[in-house]
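Remarks on the structure that follows.
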Amino acid sequence: MIYAQPQGENAIGELQFQLKKASDAKWYRRLKIVQLSMTGMSVPQLSQHFEVCKATIRSYIKAYNQGSIEALKPKKPTGRPPKVGQLTQDDWNQILSQTPDQYEKLQTDSRQWTMALLVRYAKEYMDQEVRLQTIAAALKRCKFRTGRSKLRVGSPDPDYQVKRERVEQFRSLPPRGN
C-alpha cells in the first residue's frame, strides 16, 4: 500500500494551511486526498470516497511524496494558444475606439462594429483567420458585452475628441444672465 508521508517538520501545518485557503475545488480535493492518506486511509477507500480512479489517487500521493505540495499542484494546461486571445482589454479598446470606416483595409462605410467586421479586421490587420465565436469569446474574456450595439458618435477628424471635450466644457458652464 502507498500512503502520503509528511515532507519536513511543518508539512502537516502547511497542508492544513493550504486546505483552508484553497478556493478551487479540484485543488482542495487533491490536498484532502493527501491529508486523508496521511491518516491511514487506503487508496481503494479514497477512490471510493472521492469517486476518482485508483491510478489518479496514487499519482497524487506519489507526487506529494516526491516533491511535497509544490509537486502536487496542477500543471499548466496544454493546447493551442488562442488566435486573438493575446489581445488585452486595452488592445480591444484601441481597436474599437475607431469606427470601422476608419480602417482602410476593411473597405466599409459602416460606422458600427459587427462581429463580421471584427472577423475581417482580424484577417486584414492581424493575419488571422477566425470565426465569429472566436471573436465573441475573446471579447467576453476581456469583459466586453456583445449584443445590440449602442449608437456611437465618431468622426474621421483627428481632433474630434478634443473638440467634443470643449463642447462638453461649454455645456457644463453655468448659464450667464443678460
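How many residues are farther than 21 Å from residue 97 by Cβ and part of a helix (DSSP H, G or I) when one looks only at the range 123-136? Write out each step before concluding.
Initially, the range 123-136 is screened for residues farther than 21 Å from residue 97 by Cβ, giving 127, 129, 131-134.
With the extra rule that they be part of a helix (DSSP H, G or I), the set shrinks to 132-134.
Qualifying residue count for the region: 3.
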If only one of 134, 88 is touching a residue at least 12 places away in the same chain (Cβ under 8 Å) and loosely packed, with under 12 Cβ neighbours inside 10 Å, which one is it? 88
Just the residues that are more than 21 Å from residue 143 (Cα to Cα) and either surrounded by 11 or more Cβ atoms within 10 Å (Cβ to Cβ) or touching a residue at least 60 places away in the same chain (Cβ under 8 Å) (or both), please, taken from the range 101-125. 101, 102, 103, 106, 108, 110, 111, 120, 123, 124, 125
Looking at (1) surrounded by fewer than 10 Cβ atoms within 10 Å (Cβ to Cβ); (2) in contact with a helix residue (DSSP H, G or I) (Cβ under 8 Å, 6 or more places away or on another chain); (3) not hydrophobic (A, V, I, L, M, F, W, C), find the lone condition where residue 147 falls short. (2)
Scanning the range 91-135 residue by residue, the ones that are at pLDDT 90 or above and among the small types (Gly, Ala, Ser) total 2
For the subset of the range 62-100 comprising residues that are part of a helix (DSSP H, G or I) and small (Gly, Ala, Ser), which member is nearest to residue 141 (Cα to Cα)? 71
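The values are calculated or read from the model by the stated rules, or taken from the named source; none is laboratory data. Only a predicted model underlies this, so the values are computations on that prediction, with no experimental measurement involved. Using ideal geometry, Cβ is built from the backbone for each residue, glycine included, and neighbour counts are taken over all protein chains shown.
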